1. For the stretch B:91-136, give me each residue that is within 16 Å of the chain's Cα centre (by Cα) and β-branched (V, I, T).
2. For B:I224, work out the one condition from (1) of a type outside the set (S, T, Y); (2) surrounded by fewer than 24 Cβ atoms within 10 Å (Cβ to Cβ); (3) within 14 Å of chain A (Cβ to nearest Cβ) it doesn't fulfil.
3. When the residues of the stretch B:47-95 are filtered to those that are of a type in the set (V, I, T) and under 25 Å from B:L136 (Cα atoms), which remaining residue is modelled with the lowest pLDDT?
4. For the stretch B:514-565, how many residues are among the charged types (D, E, K, R) and touching a residue at least 24 places away in the same chain (Cβ under 8 Å)?
5. Exactly one of these conditions fails for B:I183: (1) away from chain A (no Cβ under 13 Å); (2) touching a residue at least 12 places away in the same chain (Cβ under 8 Å); (3) surrounded by fewer than 24 Cβ atoms within 10 Å (Cβ to Cβ); (4) not in a loop (DSSP other than H, G, I, E, B). Give me its number.
6. Given (1) hydrophobic (A, V, I, L, M, F, W, C); (2) farther than 30 Å from B:D106 by Cβ; (3) within 14 Å of the chain's Cα centre (by Cα), where does B:V342 come up short, assuming only one miss?
7. So which of B:A344, B:A322, B:A356, B:A288 ends up being more than 14 Å from every other protein chain (Cβ to nearest Cβ) and out of contact with any Lys or Arg (no Cβ under 7 Å at 6 or more places or on another chain)?
8. Looking at the stretch B:16-46 only, could you name the residues that are on the phi < 0 side of the Ramachandran plot, modelled with pLDDT under 90 and surrounded by 12 or more Cβ atoms within 10 Å (Cβ to Cβ)?
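The values are calculated or read from the model by the stated rules, or taken from the named source; none is laboratory data. Everything numeric here is computed off the predicted structure, so don't read it as measured data. Reconstructed Cβ throughout: ideal geometry from the backbone, glycine too, with neighbour counts over all protein chains shown.
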Amino acid sequence: MTATLTRAWEGLRWYLKEFTGEARWDDYLAHCAEHGHEPMSRRQFERERADAAEANPMSRCC
Amino acid sequence: MAGTMTRTDDGGGASSAGSGGSRLSMKSVLIWTAVALVGAVCWGVLAIARGETISALWLLFAALSSYAIAYRFYSRFITYRVLRADSRRATPAERLENGVDFDVTDRRVLFGHHFAAIAGAGPLVGPVLAAQMGYLPGTIWIVVGVIFAGAVQDLVVMFFSMRRNGKSLGQMIREEIGLVGGIAALIAVFAIMIIILAVLALIVVNALAESPWGVFSIALTIPIALFMGFYLRVLRPGRVLEATGIGVALLLLAIVGGGWIQDTALGETLTLSKEWLVLALVVYGFVASVLPVWMLLTPRDYLSTFMKIGVIVLLAISLIVARPVIQADAVSDFAREGTGPVFAGSLFPFVFITIACGALSGFHALISSGTTPKMVAKEGQVRLIGYGGMLMESFVAISALIAAVVIDQGLYFAMNSPAGATGGTAESAAAFVQGLGFDTTAQSIAAASAAVQEDSLVSRTGGAPALAVGLAQIFSQAFGGGGQAFWYHFAIMFEALFILTAVDAGTRVGRFMLQDTIGNVWKKFGDLSWRPGNIIASAVVVGLWGTVLYIGVTDPLGGVNQLFPLFGIANQLLAAIALTLCTVLLVKHGKLRYAWVTGIPLAWDLVITMTASWQKIFSADPRVGYFTQAGVYSDARAAGEVLAPAQNQDQMDQVIFNSTLNGILQSVFALLTLVVAVHAALVIARAIKAGGLPTTEEPAVESKLVEPAGLFATAEEKRAMADRDRLVGAGAGRSEAEEK
């Protein structure tokens, strides 16, 4: 029972982090670790992501 | 022409995982027989129930079981037999991955993104207005329309765009149909977007006018979004969940707070007329389009998305708990006579026009091409994201329809008929709806207004207030404890929030389109980082929809009554353009025998939109035909008369001008669509003769990615994923490592 609940909670957390894009930072850290790069600061990283979003507006329908 | 020309063979590639035509197991035969039985019983009850009251759950389950069967069988047929989605073929997300727009995304996450992008206020509003025809026509169109038209369009457009590296609808039309068709489509898309933005804004204006509670809550979403933007930029970069949590809490507080301030001096200041609200929206739209997205647009989008999903879940639970009873007739007299006060015209074709989003929405083709297909991990996943996403929107539409048909129908008509008909007071509105054959009294209309703490509910057109009353009734029934006023303003808030998000994003997309198009002749203007260009283009887009909005708001005949058909027809004409492209591509790919899959919905869509356009342009009934309407008013004006609901010569002039303008717009939209359709017919004829033609489809590249093709991984896919994870090592595997 508790195992199922924990798994559901983990699944939900995973989904929300992926959905909001929070997980991209973790992906980036993993990527840097794999290739031996020095990661940039989170502030810098999120700024670059926001700048990319500037040129790519997601259309919203009615 | 850009892209590589390849002739696609129809032969191989369908035998990949998840697509096999294996026989159904005994277990699934039993399950699907049961689902079919539930559906048949529910539809049966709806078909034979006459005169007695029935539960709204019959509607809900008739829809749900139909969706399940359509998804399981029809969408699978289209994906694997017609389109031949192939898991061994790499998607653009895999081939061109750059972490920005091309980005392999988990199918369930992408489903969420796509759904949030396609569903907004549209499926909530159209069905409410269409309820004047009774509950049955709307329900049938929403369910049958989505299964055979709307979801098919979204799926097929997404697939073809995916096979072309995520090209936009306009680009595909230019390359596959021809330059003239492409230009016509470009103009149509831009014009339709302006109309859609104006009508959406009109709904917000009608919901917020003279409602200090509503204005207060909505106005507060701006500082809340700005705060979230600041939080994510400066305080704690990237912590979206925290920021959204705080934002949603503040939002709920803003709704409660509206109740506290409405009787104070501040409340008086916030009691705004429609004209002031138009100005506020126009200024807001302009500022939002020029500001960097992180300040306002992105955080507002998070808020709106979480509210959207929260509300849908809440609504589904409440419907099951509250089990409301349907008050409306199955098919109302207005359906047969075409004399309904909410919008003019008879059942055919106007139910099919009024309900666009939820059944068939051309606007989705813009989202299904471009953004989403660049993120799909496996070809087969377009079935879940394209078809499944649209089924979900259809479910929202059915829920909205239910909310409109479970409220007292006299109240429904008092709210949704224009002020010219109801007279604007509870007494005159009661007399009006009694004339329609309802026994609703002035006291009960006043009591309904008092229950949601609004000064008056009479002629609150646009659908949003009526939906909010329905939702308030369902939510307070389900959760007990009254709170109708809170739920009403909660509903108004989320509808306005969706719409403002669409207005923000739409204005910006419109601005990009304009800059891009003009950039072809004036290079500098196309540079998105050039400030003066941004400002000019934003001002033009906002100015266009702002003008249409102002015209709608001040129209003596009622803006919703006049403009909503234009909005619906525009949206359906865009669908006709998208379905035309799909049909052309099926034939070009040598799949003539499957061309009916998009050909039949295209034919139906052309029949309804062209009939509606014809009636709106040429009908001799002044309630339906724009030009006849203008003619009647200008004759009267020449004779020095004033025709109700106009009250003076100025308003007479206004009616004449508006009706003429609407008529011209209507004609232009229909003509543009016909240009695309005729052009496409020529291409189809050539393709049939040649047995297929080259297209701009990208050549196949073998996929290295291991991901499931459907919602659930098959046993085979699970083994493959387990192998992959062993190979990559723990931790480095993608999302599926989290799979339960």
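1. Of everything in the stretch B:91-136, those that are within 16 Å of the chain's Cα centre (by Cα) and β-branched (V, I, T) turn out to be B:I118, B:V125, B:V128.
2. Against the list (1) of a type outside the set (S, T, Y); (2) surrounded by fewer than 24 Cβ atoms within 10 Å (Cβ to Cβ); (3) within 14 Å of chain A (Cβ to nearest Cβ), B:I224 comes up short only on (3).
3. B:T53
4. Residues in the stretch B:514-565 being among the charged types (D, E, K, R) and touching a residue at least 24 places away in the same chain (Cβ under 8 Å): 1 in total.
5. (2)
6. So B:V342 meets the others, but not (3).
7. B:A322
8. B:S16, B:A17, B:S19, B:G20, listed by residue number.
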